[in-house]
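Everything below concerns the one structure shown next.
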Amino acid sequence: MNTGKHLLDDVRSGSRRALSKCLSVLESTREQDRNLAYDLLAQCKPHDQTWRIGITGPPGVGKSSFVEVFGQLLVNNGRRVAVLAVDPSSTRTGGSILGDKVRMPQLSLDDRAFVRPSPSRACLGGVTPTTRDAILMCEEAGYDTILIETVGVGQSEIEVASMVDMFMLLVLPTAGDEVQGIKRGIMEMAHSIVVTKSDIDDGATQRARAILKSSMQFMVPSAEQWSVPIQPISVVAQQGIDEIMATVEEFFGTARLNAISRVRAEQRTSWFDTALHHELMDMLMARAATTAVFSRVRAQSISGEIPPTVAVHRLLAHLTVSLSEQK
């Protein structure tokens, strides 16, 4: 029996349990699960008309609250929404709170939406190592809008921009006074800048918009045929959400479909390179850990006898010779 095919058939039929299981398989590091993951992904079809939207911003900016309200508007407009919410993992224990479902109580219970919190495993980039694969699986399940809410750790958030069509940066009204703290790299990648909690101080919100707009004039456009809007929103006062929706619909309008298609082709190139890097690293680590050279140079590095850079170089040199001798 083809386990992968039957499981994927359940996913395509709308089973949320099957989708959750598939995503767990994709996240697993067990060899048996990895083989099943490859089987599942090989059977996925391209879904070129979906919307992939990344949402990032500093802690406390209100990302989850925004996703809750924006996601509800999307489903009410007839779209099916999958939220991949990445929670920060502890660098000490690997544990993760996974509290995004708590912060999205209504959306997580909506039959037209699927909310999946995932641990970041302390990876940079604001996303997990399998986020790209999870996007494909959610699209295979029939979700035409994928929202990726990132950890929100700063400059490393640029990584998520390489896997979405539209990259939204959320900032607080105080950004007007702290614009230097907003990394240039993130702003250059943004297709939309949203000033949250605008009901708290209208004056601060307007100053933030003016300073951000001025800063954007000196940056290379983030997308073809597109000018980055800077829009205020208040989730509490229910203000500005319709304008955000209009911006998203314009971004994914017919006039920009070719541009989005070209970007996705470029992203698949980057995706291949990233996947190759991870697979090679896993393969090399598995082989290296079984050698006496690994134990020796690692111990020398830890003791300070040789720098880690030299230790790794010697280990890889040994592996290279070992692989060549096996030919």
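The shape of the stretch 41-85 comes out oblate: with a ≥ b ≥ c from the C-alpha gyration tensor, a/c is at least 1.5 while a/b does not beat b/c.
Here the peptides 26-32, 276-282 are ranked by packing, the mean other Cβ count within 10 Å, and the order with the highest first is 26-32, 276-282.
A convex hull fitted to the Cα coordinates of the stretch 182-265 yields 97 cubic angstrom per residue. Around the amide H of R52, modelled in the peptide plane, lie the amide H atoms of I146, D165, M166, all under 5 Å away and 5 or more residues distant in sequence or on another chain.
Mind running the shape call on the stretch 215-255? Use the C-alpha gyration tensor, a ≥ b ≥ c as the square roots of the eigenvalues: rounded below 1.5 for a/c, prolate if a/b tops b/c, oblate otherwise. Write out the running numbers ahead of the final one.
Numbers: a/c = 4.84, a/b = 1.44, b/c = 3.37.
Oblate.
Model label sites at I200 and K45, defined 7 Å from Cα along the beta-carbon direction, differ in position by 4.7 nm. Here the scattering of the chain is modelled by Debye summation over its C-alpha atoms, one equal scatterer each and no solvent; at q = 0.10, 0.14, 0.15 Å⁻¹ the log10 of I(q)/I(0) is -0.66, -1.13, -1.25.
Checking the a/c ratio against 1.5 first, then a/b against b/c, what shape does the Cα gyration tensor give for the stretch 1-43?
On the way: a/c = 2.24, a/b = 1.39, b/c = 1.61.
Taking the square roots of the gyration eigenvalues as a ≥ b ≥ c, the stretch 1-43 is oblate.
Helices from the chain with mean Kyte-Doolittle at least 0.5 and a Cα length along the axis of 20 Å or more, per DSSP H: which? Mind showing how you got there, number by number?
Values: long enough: 202-216 (21 Å, -0.47); 257-288 (46 Å, -0.25); 308-325 (26 Å, 0.69).
Span-like helices, by this rule, are 308-325.
Going by neighbour counts of Cβ atoms within 10 Å, the residues H47, H313 line up, fewest first, as H313, H47.
Adding -39500 (n - 2.57) for every DSSP H run of four residues or longer, then dividing by how many residues the chain holds, sets the calculated 222 nm ellipticity at -15500 deg cm²/dmol.
Could you check what % of the DSSP bridge pairs in the chain are antiparallel, to the nearest 5?
Working: 2 of 30 bridges.
Taking every DSSP beta bridge with both residues in the chain, the antiparallel ones total about 5 percent.
No value in this document is a laboratory result; all are computed from the given coordinates. Source: prediction; values computed, not measured. Cβ: placed from backbone, ideal geometry, glycine included. Neighbour counts: every protein chain shown.
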